[in-house]
Amino acid sequence: MIRETLNANATDVFSAFYPSFVYADYRTSTGGTTGQVIGANASLPYWVKVVRSGSTLTAYSSPDGLNWVQTGTSQTISMAQNVYVGLVVSSGSTSTLATATFDNVSIQ
């Protein structure tokens, strides 16, 4: 995930895995609605990444960490020069915890 601030309504982009497919979520304006793009059918392990170039943010996924496919279209999102980058895990339920293992993590 890349997000402008830690506020709940901040502009952001994230790429994620959900059982059987990858997807990307985008919030292009502070307090705006979140758009979602469904990507490739997938099974674990699967790689996801978000790339920022200026105000252009693009989500990608890969079955092997080498061959990347863009998820949806690039989004133009105005963000401060310094942003927050993090890893996200969710069970999708407010009453169930989730765990995950992340590896091959890098920030460039």
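Below, the figures for the structure above:
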{"item": "Alpha-carbon gyration tensor eigenvalues x 5, square-rooted, for segment 17-73, Å", "result": "21, 14, 7"}
{"item": "Cα-only radius of gyration and Dmax that characterise segment 5-45, units Å", "result": "11.9, 33"}
{"item": "The chain, accessible area per residue, ligands and nucleic acids excluded (1.4 Å, Å²)", "result": "66 Å²"}
{"item": "Residue 68 - accessible surface, heavy atoms, 1.4 Å probe, Å² rounded to 10", "result": "80 Å²"}
{"item": "Under the Debye formula (equal points on every Cα, no solvent term), log10 I(q)/I(0) of the chain at q = 0.20, 0.21 Å⁻¹", "result": "-1.13, -1.24"}
{"item": "Choice from 43, 93, 78 with maximal GNM fluctuation in the chain (Cα, 10 Å cutoff)", "result": "93"}
{"item": "Spherically averaged projected area in nm², based on the convex hull that wraps the Cα atoms of segment 46-88", "result": "3.5 nm²"}
{"item": "Cα centroid separation, segment 65-108 to segment 1-22 (Å)", "result": "6 Å"}
{"item": "Residue 64 accessible area, 1.4 Å probe, all protein chains in place, Å² to nearest 10", "result": "60 Å²"}
{"item": "Apportionment of accessible area to carbon and sulfur, the chain, percent (1.4 Å)", "result": "51 percent"}
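The values are calculated or read from the model by the stated rules, or taken from the named source; none is laboratory data. Please read these numbers as outputs of a predicted model, since none were measured by experiment. Heads up: the accessible areas ignore ligands, DNA and RNA and are worked out on the full protein's heavy atoms, side chains in. Shrake-Rupley method; radii C 1.70, N 1.55, O 1.52, S 1.80 Å.
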